[in-house]
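Derivation of every value follows stated rules applied to the coordinates shown; laboratory data play no part. Keep in mind it's a predicted model, so treat the numbers as computed, not measured. Note that each Cβ is placed from the backbone with ideal geometry, even for glycine, and that neighbours are counted across all protein chains shown.
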Amino acid sequence: MYLLSAWFLIPDRITVNTHFNQYPIALDHTTAKLSGRATTTVYTTRHATRTINQFRTATVTETVTETVAPEPTNSIDLAPVIPETTIIQHAPGWTVFRNLYMAHGTLYIITSDRESFPQIRTMSSTGIAFKNNPDNIEDRDATPENMDFLTPEEAKDLWGPDFTIGETFNRIVSVEGNTWLFNDPRQFLHHYYHLVAELLFGAWAIWTGSFTESSYDAVFQYADVYSPPPKVDRMIFVHSDADGWRDSPGFDAYFLRAVFPSTTIEHAEDWQDRVTMSTTNTSHDDFYSATHQRAWHFPLVLLADRSGAFRGQSCGSRTQRTASEAWEAMVTRGQLPGLAVGGWWSPIRKAVWKFAALRVGGPEAMILPMTQLPAPETIVITYISRQAGNRRKLIDEDHEGLVSALQELVDRKGEGWEFQLLEAEKMTKDSQVRAVSRSTIMLGVHGNGLTHLVLMPPSRLSTVIEIFYPEGFAHDYQWTTTALGMTHFSVWNDTYHSVFDKPGVHYPEGFQGTEIPVHGPTVAKLIEDRVEGRL
């Protein structure tokens, strides 16, 4: 706007168009004479009336108005009816939406038929930390401040244009692209296992399944190659700062950047920015901000919620693994390609391999069940040691005995067998990935290091052996192993269990300790029997 005058004057009439950060206030008109009298401007909206007295102090001889803002690029700005929310896929704790909205921190589902949607408690929660008591379970239930329903008419009334002040556009700002919105508390994010083998594992399962046509055909079940789902433009950690999702060894960041190099990652501070900018503000003398909401629009979004997953039968009653809800839903609906060989996870695994400077081949030549996949040319046994840590490690003598038994097995078998002892604290992340990418058998004490199993190559012999304090058991790595089509054994000193006779979940005294026993020859015999086809 150019003011051709020696003095500025608020004109007789003001046309206000304040659509969020796209359309500036435009002053319309004209000429006035020098005047010492006060003028009164009355603003009337649907919500209130406000009178402003202004005193003229100068003369404007001419005002030229120029359009300086771009035309809106998103059709929702001009939509006479705000698009309703739909669900592409849902499992407890995992929901893929089209047209989800957020204002003042509340996620809004716009629908004319709220009964067609799942219970909110299976989609969202307060996002507070988990505690092992009944009150906390109730406190984690979502309230209307976390997620709520609006009819299209209610949404239009809240965010539609206020014609009485010259608005012509909906006060809705689209966050273009595809979003993964993580509502998990920070406490589970800074662990390699929980971030990668739960959160990303479940997210990729339901994201892939959401855009895959249902099929129970054998080729579909055993395929290692399939059409990729839509790219992920951003991930938002609603309850975590930038440090909260990073584990101490640094594998969380390594993994995310390797798989999603172009994805923007936002945190609680960024989410709060959006909350603040969509909240009516009555603390200042700004009539517009005090009476008009705006909303953020997510065209395509995956909402992941840990508490919601625990409302489901698989996670809540059987596995205690949040990813199991997403995975089982896609399996049941026939929408997880390459299920039998972990093929649905192949793009993730190969992306990390490539990042670690490994050569990654093209599509697999054979479409076969895991049991019929070729055996690797070299049987590589990889033992991930925890002996340098301060909990969950073997008795020193038993660790040495295990290493000796495994080396003796490899020496006896000769060519075509190899043993790797991984001490992660002495290795780069790239070298760890390269070692795991060659592994046929992976073993170690229950702990974060076994998360590397998600990077093992599929073969008919792919196996994970998890050592527990006797009588102890947790589903973490057993469930993840079998979800990728591999074989899992849990070891109690000199005995072992397969998935068919797995123990119940139990954390006995000593489970987290530094005196976990293991009989090396038993583990070596287990591996030999597995490779020779006796197990």
Quiz item: What trypsin sites (Lys or Arg not before Pro) in the stretch 491-535 are in a loop by DSSP, with at most 16 other Cβ atoms within 10 Å of the Cβ?
Solution: Arg534
Quiz prompt | Rounded D (µm²/s) - the stretch 95-190, Kirkwood Rh over Cα pairs, Stokes-Einstein at 37 °C, 0.692 mPa s | solution = 211 µm²/s
Quiz item: What translational D, rounded to a whole number of µm²/s, comes out for the stretch 298-436 from Stokes-Einstein when the hydrodynamic radius is the Kirkwood one over Cα pairs, at 10 °C and 1.306 mPa s?
Solution: 83 µm²/s
Quiz prompt | Where only C-alpha atoms are counted, convex hull volume of the stretch 80-146 per residue in Å³ | solution = 98 Å³
Quiz item: How much length is gained if the chain between Gln313 and His104 is pulled fully straight, taking 0.36 nm per residue apart and subtracting their Cα-Cα distance, in nm to one decimal?
Solution: 72.0 nm
Quiz item: Taking the C-alpha atoms of the stretch 192-258, how large are the radius of gyration and the largest Cα-Cα span, Dmax, in Å?
Solution: 14.9, 44
Quiz item: Spin-label point model (7 Å from Cα, Cβ direction): what's the Asn493 to Glu153 distance in nm?
Solution: 7.2 nm
Quiz item: Extension gain Gln187-Thr332, at 0.36 nm per residue separation less the Cα-Cα distance, in nm?
Solution: 49.1 nm
Quiz prompt | Hz values of 3J(HN,Hα) by residue in the stretch 121-135 - Karplus curve (6.51, -1.76, 1.60), Gly and Pro given as x | solution = 5, 8, 10, 9, 7, 6, x, 6, 5, 7, 9, 8, 8, x, 4
Practice problem: Any of Lys350/Lys502; Lys131/Lys502; Lys131/Lys525 with alpha carbons more than 32 Å apart? Name them for me. | Solution: Lys131/Lys525
Self-check item: Positive-end extreme of charge dipole, the stretch 86-345 - chosen from Gly202, Asn183, Thr332 (charges on Cβ)
Solution: Thr332
Practice problem: With a point put 7 Å past each Cα toward its Cβ, work out how far Thr264 is from Lys354 in nm, to one decimal. | Solution: 2.4 nm
Self-check item: Ranked packing of 144-153, 302-311, 410-419, most packed first, by mean Cβ within 10 Å
Solution: 302-311, 144-153, 410-419
Quiz prompt | Whole-percent pair-distance distribution, where bins are 10 Å wide, for the alpha carbons of the stretch 216-255 | solution = 20, 29, 23, 24, 4
Quiz item: Where nothing but the Cβ of Lys and Arg (+1) and of Asp and Glu (-1) is charged, how large is the charge dipole of the stretch 369-531 around its Cα centre, in debye to the nearest 20?
Solution: 540 debye
Practice problem: Give me the percent of Cα-Cα pairs in the stretch 369-531 that sit more than 24 Å apart, rounded to a whole number. | Solution: 28 percent
Self-check item: Calculated over the stretch 86-345: convex hull of Cα atoms, volume per residue (Å³)
Solution: 147 Å³
Quiz item: When the Cα atoms of the stretch 424-470 are enclosed in a convex hull and the volume is divided per residue, what value in Å³ results?
Solution: 73 Å³
